[in-house]
Amino acid sequence: MDRLLISGGRKLRGVVRLSGSKNAALPTMAATLLSPGRHRLRSVPDLQDVYTMGRLLEHLGAVVTLTDSAALVETSGVEGFEAPYDLVRTMRASVLVLGPLLARYGRARVSLPGGCAIGARPINLHLAGLERMGAEITLDRGYVDARAGRLRGAVIYFDVPTVTGTENLMMAATLARGTTRLENAAREPEVVDLAGALSRAGARIEGAGGSVIEIEGVDELAPLDHTVIPDRIEAGTFMAAVGITGGEVLIEGAEPGHLDAVIAKLGEAGIAFQAADGGLRVTGPERPRACNLKTMPYPGFPTDMQAQFMALMSIAEGTSVIRETIFENRFMHVAELKRMGAEISIDGSVATVKGVRSLSAAPLMATDLRASASLIIAALSVRGETTIDRIYHLDRGYERIDEKLRSLGAWVERIEPDSGRSGPFLVQRVGDEGRGHL
Ligand code: EPZ
């Protein structure tokens, strides 16, 4: 199992290019199930979760080719409709095939994803919406078993703005009979990106990015041909890393419009931002200032940046109060940060962080994707060697982050077990030796 060795205390300096957004690439890959033909998705990040989605699409009968930054998906041969547990349990976003399979084939059998480290992660809102569109859904031995004739348009209200719930039902609605209205929809840039990809393939979608999205069903869609947006959470992660080391970095590809809340909050902490050609120049302070935080659905501060922000606050001047409102167990990074000397107390969904002058190196263990990033950020501030175990969590959502950090002057080394594998993937990625299949 790979681990990272980090020797911190160095300011980050230089230029880093963002990868495509994981949380935009995954729904767009699922959307290829809506129509036959050759779909072309560019700027797809080289991540374990993308690989898993590719395997799932191949399991359903598609032919998937992943190159260094693109996904070619041929779906004419899709005839399966089952997303098996052994794939879904490793990636919850597998649930995104539910809407497209039902819309295109009238049949889907998708394993219930089960909980994960950060929370129960129910999909009741996905299922309730599909039932309102005419699907018959039963739960059978841990699987969602769904059947439908042609789905029909409906008005669907989400109790909470669910990102993948909005995406699943938006995709289902593109081929339904009539018009679907999603109310209290998620407003994330990844939802807008998916709507753009679908619209260019012939879908009729209005209002994506707002709380009400209207989709007028059509009879068929063309194959997707789309470039995925940059990863705003990767951008925020690098911003927090610059903030904690006091460096200066140009983050190429960063879209300020996707990061208003993050820029505002990190600005309050003393990080300076300057629009620069094709990205954002970020400058860290001598020492960050403590500030309070509450995670909210977009356009509020993203829950996916909470752990990274907490690492920054752990050495800030003053005390910060961080409230996590989206997931019920997203403080898994706290115990590890405390082992580095952070002074953090938790009361329910609220963490109080008393900034210390400096943390100390310690052997650490990653527990989930964003907690891993949090530990890296903390370790970058510490002289001395910190090791982080179980970084397979990290490889799910950050493309070669150790290489990117090294290019900014950080001392980060990936230590592989005696397997001698060169990276996180079990199967050799298709790279410059030409195309291949998963
Ligand atoms: C998406 O997850 C992201 N994943 C998550 O990113 C992100 O943390 C989350 O949105 C919130 O922004 C992808 O886009 C692949 P939700 P999702 O449905 O869609 C409750 C990362 O680190 N809810 O928006 O699964 C749910 O329990 C990952 O990249 C229901 O109650 O999250 C939560 O409290 C982690 N019933 C809230 O809604 C439902 O049917 C928001 O969850 C669905 C959700």
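With respect to Ala269, determine if the residue is on the phi < 0 side of the Ramachandran plot and crowded, with 22+ Cβ neighbours inside 10 Å.
yes
Do you know which residues across the stretch 238-256 are at negative phi and surrounded by fewer than 24 Cβ atoms within 10 Å (Cβ to Cβ)?
Pass one, the stretch 238-256, residues at negative phi: 238-245, 247-252, 254-256.
Of everything in the stretch 238-256, those that are at negative phi and surrounded by fewer than 24 Cβ atoms within 10 Å (Cβ to Cβ) turn out to be Thr245, Gly247, Glu248, Leu250, Glu252, Glu255, Pro256.
Taking Lys11 as meeting all but one of (1) part of a loop (DSSP other than H, G, I, E, B); (2) outside the structural domain of Arg406 (by TED's automatic domain parsing), write down the number of the exception.
The one condition Lys11 does not meet is (2).
Scan the stretch 153-166 for residues that are without any contact (Cβ under 8 Å) to a residue 60 or more places away in the chain and of a type outside the set (S, T, N, Q) and report the count.
7
I'd like the full set of residues that are within 24 Å of Met91 (Cα to Cα), more than 16 Å from the ligand (Cβ to nearest atom) and of a type outside the set (D, E, K, R), limited to the stretch 363-407. Steps first, please.
To start, the set of residues in the stretch 363-407 that are within 24 Å of Met91 (Cα to Cα) comprises 364-376, 388-402.
Retained after the next criterion (residues that are more than 16 Å from the ligand (Cβ to nearest atom)): 364-365, 388-389, 400, 402.
Within the stretch 363-407, Leu364, Met365, Ile388 meet the criteria.
For Gly355, work out the one condition from (1) out of contact with any strand residue (DSSP E or B) (no Cβ under 8 Å at 6 or more places or on another chain); (2) modelled with pLDDT of 95 or more; (3) not hydrophobic (A, V, I, L, M, F, W, C) it doesn't fulfil.
Unmet condition: (1).
Quick one: which of Leu47, Leu56, Leu41, Leu72 is touching a helix residue (DSSP H, G or I) at 6+ places or on another chain (Cβ under 7 Å), under 15 Å from Leu224 (Cα atoms) and either in the same structural domain as Cys116 (by TED's automatic domain parsing) or within 16 Å of the ligand (Cβ to nearest atom) (or both)?
Leu41
Hey, any hits in the stretch 180-197 for a residue that's among the hydroxyl-bearing types (Ser, Thr, Tyr), on the phi < 0 side of the Ramachandran plot and either at pLDDT below 95 or surrounded by fewer than 20 Cβ atoms within 10 Å (Cβ to Cβ) (or both)?
Residues of the stretch 180-197 that are among the hydroxyl-bearing types (Ser, Thr, Tyr), as a first pass: 180.
Now narrow it down to the ones that are on the phi < 0 side of the Ramachandran plot: 180.
Now drop any that are not either at pLDDT below 95 or surrounded by fewer than 20 Cβ atoms within 10 Å (Cβ to Cβ) (or both), which leaves none.
So far as the stretch 180-197 goes, no, none of its residues is among the hydroxyl-bearing types (Ser, Thr, Tyr), on the phi < 0 side of the Ramachandran plot and either at pLDDT below 95 or surrounded by fewer than 20 Cβ atoms within 10 Å (Cβ to Cβ) (or both).
List the helices (runs of 4 or more DSSP H) inside the stretch 77-154, counting only whole elements, that have at least 3 residues being hydroxyl-bearing (Ser, Thr, Tyr) and buried (at least 17 other Cβ atoms within 10 Å of the Cβ). Walk me through it before giving the result.
Values: elements: 85-88, 98-105, 124-132.
The helices (runs of 4 or more DSSP H) meeting that bar number zero.
Which members of the stretch 139-153 meet the condition of being more than 16 Å from the ligand (Cβ to nearest atom) and either touching an Asp or Glu at 6+ places or on another chain (Cβ under 9 Å) or among the hydrophobic types (A, V, I, L, M, F, W, C) (or both)?
Scanning the stretch 139-153 gives Tyr143, Asp145, Arg147, Ala148, Leu151, Gly153.
Return yes or no: is Lys22 modelled with pLDDT of 95 or more and away from the ligand (no atom under 14 Å from the Cβ)?
no
May I ask you to verify whether Glu248 is closer than 30 Å to Gly284 by Cα, in contact with a Phe, Trp or Tyr (Cβ under 9 Å, 6 or more places away or on another chain) and in contact (Cβ under 8 Å) with a residue 60 or more places away in the chain?
So Glu248 fails the test.
Among the residues of the stretch 391-406, what is the count of those that are in contact (Cβ under 8 Å) with a residue 24 or more places away in the chain and either surrounded by fewer than 17 Cβ atoms within 10 Å (Cβ to Cβ) or out of contact with any strand residue (DSSP E or B) (no Cβ under 6 Å at 6 or more places or on another chain) (or both)?
Taking the stretch 391-406 first, the residues in contact (Cβ under 8 Å) with a residue 24 or more places away in the chain are 391-402, 404-405.
Now narrow it down to the ones that are either surrounded by fewer than 17 Cβ atoms within 10 Å (Cβ to Cβ) or out of contact with any strand residue (DSSP E or B) (no Cβ under 6 Å at 6 or more places or on another chain) (or both): 392-401.
The total comes to 10.
Check the stretch 347-357 and report whether any residue there is at positive phi and under 25 Å from the mean Cα position of the chain (by Cα). Let's see the steps before the verdict.
First pass over the stretch 347-357, keeping only residues at positive phi: 348.
After this cut, where a residue has to be under 25 Å from the mean Cα position of the chain (by Cα) as well, the list is 348.
Yes, the stretch 347-357 has at least one match.
The values are calculated or read from the model by the stated rules, or taken from the named source; none is laboratory data. Just so it is clear, the model here is predicted, and its values are computed rather than measured. As a convention, Cβ positions derive from the backbone with ideal geometry for all residues, glycine included, and neighbour counts pool all protein chains shown.
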